[in-house]
1. Scanning the range 257-268 for residues that are surrounded by fewer than 21 Cβ atoms within 10 Å (Cβ to Cβ) and touching a strand residue (DSSP E or B) at 6+ places or on another chain (Cβ under 7 Å), which turns out nearest to residue 243 (Cα to Cα)?
2. With the condition kept exactly as written, say whether any residue in the range 181-201 is outside the structural domain of residue 115 (by TED's automatic domain parsing), assigned to a strand (DSSP E or B) and closer than 25 Å to residue 97 by Cα.
3. Taking only pairs six or more apart or across chains, which ones have beta-carbon atoms under 8 Å, a first residue in the range 246-267 that is at positive phi and free of Cβ contacts under 8 Å to residues at least 60 places away in the same chain, and a second residue that is part of a loop (DSSP other than H, G, I, E, B) and surrounded by fewer than 24 Cβ atoms within 10 Å (Cβ to Cβ)?
4. Do we find that residue 61 is in contact with a strand residue (DSSP E or B) (Cβ under 7 Å, 6 or more places away or on another chain) and more than 30 Å from residue 239 (Cα to Cα) in this structure?
5. Tell me, yes or no, whether the range 77-99 has at least one residue that is assigned to a strand (DSSP E or B) and touching a residue at least 60 places away in the same chain (Cβ under 8 Å).
6. Only one of these conditions is not met by residue 273: (1) over 15 Å from residue 101 (Cβ atoms); (2) in a helix (DSSP H, G or I); (3) in contact (Cβ under 8 Å) with a residue 60 or more places away in the chain; (4) out of contact with any strand residue (DSSP E or B) (no Cβ under 7 Å at 6 or more places or on another chain). Which number is it?
7. For residues in the range 122-135 being more than 15 Å from residue 108 (Cβ to Cβ) and in contact with a helix residue (DSSP H, G or I) (Cβ under 6 Å, 6 or more places away or on another chain), which is surrounded by the fewest Cβ atoms within 10 Å (Cβ to Cβ)?
């Protein structure tokens with residue numbers, strides 16, 4: 001009986017940092033051959049049998065790919081990097097998260113539209129290209145006593161957020177890359193900000209943390225403090241429904257509670273970090289992710305073997 005070949009896994013990231021080291025360790029413990037690869041270094045070309053070239057996988061493409069980061073860049077650069085993920089999926093590689101799920105979550109307009117379509121509570125939002133339309137929206141919200149948050153359409157870690165409390169505070173169009181994404185600011189009792197990050201793997205919420213800050217921006221990267229949190233049924237339900245709506249295999253869902261006690265989903269992250277969550281949670285998140293990816297790969301292998309057997313019997 002021939003030995004089982006260790007699965008070959010690409011971890012897409014631009015560096016081998018804290019997250020990548022934990023993933024490499026988790027895959028190694030499961031006898032998987034995982035390597036860190038930058039999407040910047042991948043390419044298409046007729047010289048390769050598959051039409052693709054991935055550093056470290058010159059002879060055979062990986063059987064699975066863990067997407068830890070899609071680097072920022074021009075529209076063309078980001079589109080090409082997503083093309084790589086799409087092509088890998090089309091060639092039978094288990095891409096974790098799939099390119100379509102990343103497209104849905106990296107674009108805040110698409111995420112908000114999906115949440116609304118699936119009746120998941122989220123703050124009112126507006127997306128438009130016109131500066132005049134954006135200023136009219138802001139003026140209407142101000143008259144109603146609301147503030148707005150201007151967010152980059154593509155952005156993470158709390159970068160580029162602007163609190164708008166007057167129509168003339170809205171930035172000019174060239175400063176928002178031609179697209180206004182405006183979300184009603186969620187007023188909370190007390191000073192500062194407070195929200196939750198719920199981590200979902202394979203449709204199940206597995207861990208949660210509370211983020212608090214003296215500022216309204218609670219991201220850990222912006223100075224927010226991470227605290228242990230009880231994963232209540234309401235938090236669990238909202239996070240799991242958000243993961244299903246966006247088609248993510250794993251995700252971090254940001255949830256806030258307003259002054260009336262209602263929970264609202266702020267964002268769904270398709271390439272979430274979990275260092276802050278790991279600092280307050282006993283379960284090793286990287287181990288859970290490795291188990292889920294390998295389970296999906298094993299299921300895919302079994303399905304492929306079954307199809308080959310059926311095709312052989314028909315001949």
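1. Step one: filter the range 257-268 for residues surrounded by fewer than 21 Cβ atoms within 10 Å (Cβ to Cβ), giving 257-264.
Subsequent filtering for residues that are touching a strand residue (DSSP E or B) at 6+ places or on another chain (Cβ under 7 Å) retains 257-258, 263-264.
Values: 257: 19, 258: 22, 263: 16, 264: 14 Å.
By that ranking, first place goes to 264.
2. Looking through the range 181-201, at least one residue is outside the structural domain of residue 115 (by TED's automatic domain parsing), assigned to a strand (DSSP E or B) and closer than 25 Å to residue 97 by Cα.
3. Qualifying pairs under 8 Å: none.
4. yes
5. Looking only at the range 77-99, we keep the residues that are assigned to a strand (DSSP E or B), and these are 94-96.
Right, trim to touching a residue at least 60 places away in the same chain (Cβ under 8 Å) and you get 94, 96.
Within the range 77-99 (the criterion being assigned to a strand (DSSP E or B) and touching a residue at least 60 places away in the same chain (Cβ under 8 Å)), the answer is yes, since at least one residue qualifies.
6. All conditions pass for residue 273, except number (2).
7. The residue in question is 135.
Here is a yes/no grid of residues against (1) under 20 Å from residue 122 (Cβ atoms); (2) in contact with a strand residue (DSSP E or B) (Cβ under 7 Å, 6 or more places away or on another chain):
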| position | (1), (2) |
| --- | --- |
| 154 | yes, no |
| 159 | no, no |
| 164 | yes, yes |
| 180 | yes, yes |
| 191 | no, no |
| 197 | yes, yes |
| 204 | no, no |
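The values are calculated or read from the model by the stated rules, or taken from the named source; none is laboratory data. Since we're looking at a predicted model, the values are computed, not measured. For neighbour counting, all protein chains shown are included, and Cβ atoms are generated from backbone atoms with ideal geometry for every residue, glycine included.
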